[in-house]
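Where a number appears in this text, it was derived from the coordinates with a stated rule and is not lab data. Just so you know, these numbers come straight off a predicted model, no measurement behind them. Ideal geometry is used to build each Cβ from the backbone, glycine not excepted, and the neighbour counts take in all protein chains shown.
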Amino acid sequence: MVGCGRGHWDLVIGHSASLALLTQTTKGCVTVFDSVGKLLIVLGVVLALVGGLLLFVGKVPFLGRLPGDIVIRRESWSLYVPLTTSLVISIVLTVLVALFSRR
């Protein structure tokens, strides 16, 4: 580590030379493992939220059967193209992101 201490720029290198992190520390040294740990926690929370959302979406009666959703059924196969459902989900997510991203 180079210049590890309060208010210095630190270069923290992991096991491989390609895993290098340049960070500014305020309370001691920051390691690669701290960053990876935080990333894993965030990914775990996001995965749990997506899982809960998938459980909830299955209980919405009209989702997937809107006018404009294409369903073709044959003897040995079926094709489902949820055009309208995708559009509705896209609009809802766009509105939610716009509302929550305002400062």
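Structure data summary
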{"item": "Relative exposure of I70, I89, judged by other C-beta atoms within 10 Å (fewest first)", "result": "I70, I89"}
{"item": "Neighbour-limited loop hits for chymotrypsin sites (Phe, Trp or Tyr not before Pro), segment 33-103 (at most 16 other Cβ within 10 Å; DSSP other than H, G, I, E, B)", "result": "F62, W77"}
{"item": "Residue-span extension gain [L93 to L63] - 0.36 nm each, minus C-alpha spacing", "result": "9.3 nm"}
